[in-house]
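Undergrad: Quick one: structure below, then a few questions.
The values are calculated or read from the model by the stated rules, or taken from the named source; none is laboratory data. On a predicted model such as this, the values are computed, not experimentally measured, just so you know. Note: ideal-geometry Cβ built from the backbone for every residue, glycine included; neighbour counts use all protein chains shown. Quick note on the areas: whole protein, heavy atoms, side chains included, nothing else; ligands and nucleic acids left out. Shrake-Rupley method; radii C 1.70, N 1.55, O 1.52, S 1.80 Å.
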Amino acid sequence: MPTIEVVKLYGAAWSVYVRIARLALEEKEVKYDLVEVDVFAETGVPKEHLTRHPFGRIPAFEHGDFRLYETGAIVRYIDDAFPGRKLQPTDPRARAKVNQIVGMLDAYAYRTLVWDIYVESVVSVREGRLANQAKIAAALPRAAVCLSELTRLSDSRGFLIGDGVTLADLYAAPIFACFMQAPEAALLMQGCGKLTDWWQRFATRDSMSRTSP
Ligand SMILES: N[C@@H](CCC(=O)N[C@@H](CS)C(=O)NCC(=O)O)C(=O)O
């Protein structure tokens with residue numbers, strides 16, 4: 001009997017990056033345990049977590065005795081190591097476009113759409129803090145560039161790239177799940193009909209409901 005190597009993801013359900021990794025596991029139908037780690041604990045990042053992730057971030061990943069951190073490495077490993085639908089196209093240009101979108105979301109859209117808009121506009125109000133309007137205002141032009149680039153780079157065949165789910169969708173969806181709750185999203189999404197259609201379809205996937213925070 002082959003030994004079954006247990007898959008563990010360390011993190012928290014609220015985290016955008018943890019959700020990206022969970023979506024990859026769900027889409028590949030890989031069984032996993034989500035092990036709760038509070039990186040914002042008053043006592044600091046738990047010591048044992050720093051052995052998994054020296055920078056104290058989430059997620060961290062284990063498959064048997066194989067350990068990884070960095071979401072980009074985790075989702076590509078999940079795609080390569082497990083059977084099931086492929087989350088990366090084999091065509092070089094389609095694959096490059098998926099990687100370009102992933103890089104763009106990681107480097108620019110995550111901070112702008114999640115931290116500068118969603119956290120300031122939605123989370124601050126929920127937690128009884130005043131929204132930092134200057135931060136939101138400064139983020140709006142950057143958000144517009146992120147959205148117009150995502151529109152320009154994506155296809156219109158049901159998914160961001162091609163006609164199947166890819167890492168581009170898995171990175172974009174958790175960011176959109178936050179951003180679309182912000183009142184600023186309505187105006188910013190005007191003229192992004194392709195993205196609105198994509199989001200309405202993608203938000204209803206089983207993997208999205210199973211990873212809902
Ligand atoms: N480059 C990391 C980023 C992960 C990341 O920033 N995770 C957030 C949660 S969504 C985190 O751990 N934040 C804790 C902190 O900023 O101290 C990756 O791709 O995994």
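Undergrad: Return the lysines within reach of LYS194: Cα separation strictly under 19 angstrom, same-chain partners fewer than 8 residues apart disregarded; answer none if there are no such residues.
TA: Partners found: LYS97.
Undergrad: By a straight-distance test (C-alpha under 16 Å), which aspartates and glutamates pair with LYS47 as possible cross-link partners, with residues fewer than eight away in the same chain excluded?
TA: In chain and number order, the partners are GLU36, ASP38.
Undergrad: A further question on this structure: Could you give the distance between the Cα centres of the range 167-200 and the range 93-149, to the whole Å?
TA: 10
Undergrad: Let me ask something else. Accessible area of the chain with a 1.4 Å probe: how many percent of it is carbon plus sulfur?
TA: For the chain, the apolar C and S fraction of the accessible surface comes to 55 percent.
Undergrad: Follow-up question, since we're still on this one. Quick one: Karplus J couplings for the range 170-180, per residue in order, coefficients 6.51, -1.76, 1.60, θ = phi - 60°, nearest Hz, x for Gly and Pro?
TA: 5, 6, 6, 4, x, 5, 5, 4, 7, 4, 5
Undergrad: Another question, if that's okay. Find the accessible area per residue for the chain; the probe is 1.4 Å, ligands and nucleic acids are left out, and the unit is Å².
TA: I get 52 Å² per residue for this part.
Undergrad: Where both residues lie in the chain, what percent of DSSP beta bridges are antiparallel, nearest 5?
TA: Just about 65 percent of them are antiparallel.
Undergrad: Also, I was wondering about something else. Among 98-107, 5-14, how do they line up from the highest to the lowest mean number of other beta-carbon atoms within 10 Å?
TA: 98-107, 5-14
Undergrad: Under a point spin-label approximation (7 Å from Cα along Cα-to-Cβ), what is the TRP14-PHE55 distance to one decimal in nm?
TA: That separation, rounded to one decimal, is 2.1 nm.
Undergrad: Can I ask one more? Using packing as a proxy for protection, rank 89-95, 168-174, 189-195, 143-149 so that the peptide with the highest average count of other Cβ atoms within 10 Å comes first.
TA: Going from most to least packed, we get 168-174, 143-149, 189-195, 89-95.
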